[in-house]
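Worksheet: one structure, shown below.
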Amino acid sequence: MKKVTGLLGIALACGIAMPAVSAQESQTVLVPLPSVDDFSRGQNGWSFALGAGIEYETAYEGSDEFGFEVQPAGGIQWRNGNDVFYFAGEALGWRGLRADYWLFEAAIGFDEGREEADSDGGYLQGLGDSEEGTELVFQVRRALDADWRYSLVARVITGDNGNIGLFGVGRRFGEQNDGTGSEINVVASFHDNKYANYGFGINATQALASGLAETTMSGGLRSLAINYNYRYNINRNWQIFGEALYEHYSSDVRRSPIARSNYEAEVGIGFIYIF
C-alpha cells in the first residue's frame, strides 16, 4: 500500500446537516465518486475486476528521480445493500454507506517500505532498507449535497511505522451517477514524529554509513496536495481510469537530506475489465 500518494483524493468529515435525498435510486454504485472502486453494478453478491495501470512517478518519497511503474488494478468485492467488503492489491477492507451521505471505511494493508536500490543515483546508499509494516486505515466521507457533488473527508492511518492523518475537500464533475467522470481533491496531511522519522529521519548509524547529516524529525504538517481522478466506461466490461497528483512538502520535511525535492508527483493511466 502506498504511504501518501495512494491516500490522497480525500477530504475532511464534518457534521453539516442536509436533507436525506436518496440519490441511490438513480445510480448503481455505492457513491458516485470516481476515486471509489465499485464493480457491483448495483447488484448484491460477488463482483470481480482485473486490470493494470502504468504510472510515471517519483522513485521514493522525497526523491528528485522519476520512473515508470506498472501497478495491478481491480479487485474482488462482495456487496450486501449499502455494505461492500473488498480485497484489492494488498488491502482487505469494508466500506458502508449510511443515511445516503456518510461513507465509512476500514481496511488493513501493508506499507511496502523503501529500499536503497530505489535511487538510481545512489542517494539512499547507507540508509538501509526499511521493512514492510502493517497499517490500519480508517476513513469517513461526508457528502455536502444529495449527489456527492461536494464532499469532505478524514482518513487516519496507524501502524508499525507511526501515524498519519489526512484532511481535505473534494469536488466531483460530470452529471452521471455511475461512478464515472472526474474528481479533484485538495488535502492536508499531518504525521507524528515516528512516521516522520520513518520516512525522512536519519539516525546516527545511518549518518555514519551514508555521510548524510543526522536528522531527527518532529510531528506536524507533512504536506499540502492536490489530486485528480478520472474514470470512464468504454463499454459494459471495459473501464479506463487515470490519476494525477502533486504533493508539496512542508518546510520541516524539506530540511531532511532525504528530501532532495520540495514535492512528490505522479501521473497514471490504466484499464480494468469488469466480469
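The values are calculated or read from the model by the stated rules, or taken from the named source; none is laboratory data. Bear in mind the structure is a predicted one, so any value in this text is a computation, not a measurement. Note that we place each Cβ from the backbone using ideal geometry, even for glycine, and neighbour counts take in every protein chain shown.
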*From the list L208, L245, pick out the single residue that is touching a Phe, Trp or Tyr at 6+ places or on another chain (Cβ under 9 Å) and at pLDDT 95 or above.*
L245
*Of all residues in region 64-87 being over 18 Å from the mean Cα position of the chain (by Cα), among the polar types (S, T, N, Q) and surrounded by 13 or more Cβ atoms within 10 Å (Cβ to Cβ), which is farthest from R260 (Cα to Cα)?*
N82
*asked:* Taking the criterion of being under 20 Å from the mean Cα position of the chain (by Cα), among the aliphatic types (A, V, I, L, M) and modelled with pLDDT of 95 or more, would at least one residue in region 191-204 satisfy it?
replied: yes
*Taking the residues in region 157-196 that are buried (at least 19 other Cβ atoms within 10 Å of the Cβ) and aliphatic (A, V, I, L, M) as candidates, determine which candidate is farthest from Y228 (Cα to Cα).*
A196
*strands (runs of 3 or more DSSP E) wholly in region 24-108 with at least 1 residues that are among the acidic types (D, E), touching a residue at least 12 places away in the same chain (Cβ under 8 Å) and more than 16 Å from Y273 (Cα to Cα) - which ones?*
45-58, 66-80, 83-88
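Condition check ((1) modelled with pLDDT under 95; (2) more than 21 Å from the chain's Cα centre (by Cα); (3) not charged (D, E, K, R)) across all residues:
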position: Q139; (1), (2), (3): no, no, yes
position: N161; (1), (2), (3): yes, no, yes
position: R172; (1), (2), (3): no, no, no
position: S218; (1), (2), (3): no, yes, yes
*Scan region 208-254 for residues that are farther than 26 Å from G268 by Cβ, in contact (Cβ under 8 Å) with a residue 40 or more places away in the chain and assigned to a strand (DSSP E or B) and jot them down.*
T215
*When residues of region 234-275 are filtered for being more than 22 Å from the chain's Cα centre (by Cα) and closer than 30 Å to W78 by Cα, how many remain?*
6
_Taking the criterion of being surrounded by 15 or more Cβ atoms within 10 Å (Cβ to Cβ) and touching a Leu at 6+ places or on another chain (Cβ under 6 Å), would at least one residue in region 51-61 satisfy it?_
no
*Residue check, G199 part of a loop (DSSP other than H, G, I, E, B), touching a helix residue (DSSP H, G or I) at 6+ places or on another chain (Cβ under 9 Å), surrounded by 15 or more Cβ atoms within 10 Å (Cβ to Cβ) and of a type in the set (G, A, S)*: no
*asked:* Being out of contact with any Ser or Thr (no Cβ under 9 Å at 6 or more places or on another chain), surrounded by fewer than 20 Cβ atoms within 10 Å (Cβ to Cβ) and among the aromatic types (F, W, Y) is the filter here; which residues of region 136-156 pass it?
replied: Y150
*Of all residues in region 259-275 being among the charged types (D, E, K, R) and either crowded, with 19+ Cβ neighbours inside 10 Å or at pLDDT below 95 (or both), which is nearest to G67 (Cα to Cα)?*
E266
*asked:* Suppose we filter G126, G113 for residues that are in a loop (DSSP other than H, G, I, E, B), in contact with a Leu (Cβ under 9 Å, 6 or more places away or on another chain) and surrounded by fewer than 17 Cβ atoms within 10 Å (Cβ to Cβ); which single one remains?
replied: G126
*Scan region 140-169 for residues that are within 30 Å of R114 (Cα to Cα) and of a type outside the set (D, E, K, R) and report the count.*
16
